[in-house]
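Student: Got a structure for you, questions after.
The values are calculated or read from the model by the stated rules, or taken from the named source; none is laboratory data. Note that this is a predicted model, so its numbers are computed, not measured. No Cβ is skipped: glycine too gets one built from the backbone with ideal geometry, and neighbour counts run over all protein chains shown.
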Amino acid sequence: MELTDEEWRERLSPEAYRVLREAGTERPGSGSLLYENRAGTYVCGACGAELFDGGTKFDSGCGWPSFYEAKPRSVKMLVDETHGMTRTEVRCANCGSHLGHVFPDAPQTPTGNRFCMNSVALGFNATAGSLND
């Protein structure tokens, strides 16, 4: 999915544009999806592509929604050497939007990974009839 910069600006809120298209980060603890615990699917906040199953979300205590596994072929990972460190950036495979970073520091999960995502970079689709609604 390719849109012009102007089309992205029209489609996204200023904060979503800053995070998704300019690789910004929202303040820790401020995201609307941090405490979302219903069954469902997390999607890209820019294009709506499915990214994470709700069952892979866990409380890492980092201040951002965390997942231990992305849906197959839903994300691409890039080396990020900004801010004087080397990290692995996570982008939507469909539209290339910045979602957050992944860290190999979650031994309590099946994969050992912590996909640390910005809430504003995600959307959430609850599963119909979720018991935790």
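Student: Name every residue in segment 16-45 that is under 16 Å from the mean Cα position of the chain (by Cα), surrounded by 13 or more Cβ atoms within 10 Å (Cβ to Cβ), farther than 18 Å from F115 by Cα and touching a residue at least 60 places away in the same chain (Cβ under 8 Å), in order of residue number.
Tutor: Correct list: A16, R21.
Student: In segment 80-89, is there at least one residue being on the phi > 0 side of the Ramachandran plot and without any contact (Cβ under 8 Å) to a residue 60 or more places away in the chain? Let's see the steps before the verdict.
Tutor: First, pick out the residues of segment 80-89 that are on the phi > 0 side of the Ramachandran plot: 83-84.
Now restrict to residues that are without any contact (Cβ under 8 Å) to a residue 60 or more places away in the chain: 83-84.
There is at least one residue in segment 80-89 that is on the phi > 0 side of the Ramachandran plot and without any contact (Cβ under 8 Å) to a residue 60 or more places away in the chain.
Student: Also, I was wondering about something else. Considering only segment 47-68, I want to know if a residue exists there that is of a type in the set (D, E, K, R), modelled with pLDDT of 95 or more, assigned to a loop (DSSP other than H, G, I, E, B) and surrounded by 13 or more Cβ atoms within 10 Å (Cβ to Cβ).
Tutor: Checking segment 47-68: not a single residue is of a type in the set (D, E, K, R), modelled with pLDDT of 95 or more, assigned to a loop (DSSP other than H, G, I, E, B) and surrounded by 13 or more Cβ atoms within 10 Å (Cβ to Cβ).
Student: I've got another one for you. For the subset of segment 69-102 comprising residues that are part of a strand (DSSP E or B), hydrophobic (A, V, I, L, M, F, W, C) and under 13 Å from the mean Cα position of the chain (by Cα), which member is surrounded by the most Cβ atoms within 10 Å (Cβ to Cβ)? Please lay out each step first, then the result.
Tutor: In the first step, residues of segment 69-102 are kept if they are part of a strand (DSSP E or B); the result is 75-80, 87-92, 98-102.
Okay, now just the ones that are also hydrophobic (A, V, I, L, M, F, W, C), so 75, 77-79, 90, 92, 99, 102.
Next cut, under 13 Å from the mean Cα position of the chain (by Cα) only: 75, 77, 90, 92, 99, 102.
Numbers: V75: 22, M77: 14, V90: 26, C92: 25, L99: 29, V102: 24.
Step by step, filter segment 69-102, then rank; the result is L99.
Student: Criterion first (touching a helix residue (DSSP H, G or I) at 6+ places or on another chain (Cβ under 9 Å) and more than 18 Å from F124 (Cβ to Cβ)) does G24 satisfy it?
Tutor: Values: touching a helix residue (DSSP H, G or I) at 6+ places or on another chain (Cβ under 9 Å): yes; more than 18 Å from F124 (Cβ to Cβ): yes.
Taking the combined requirement at face value, the residue satisfies it.
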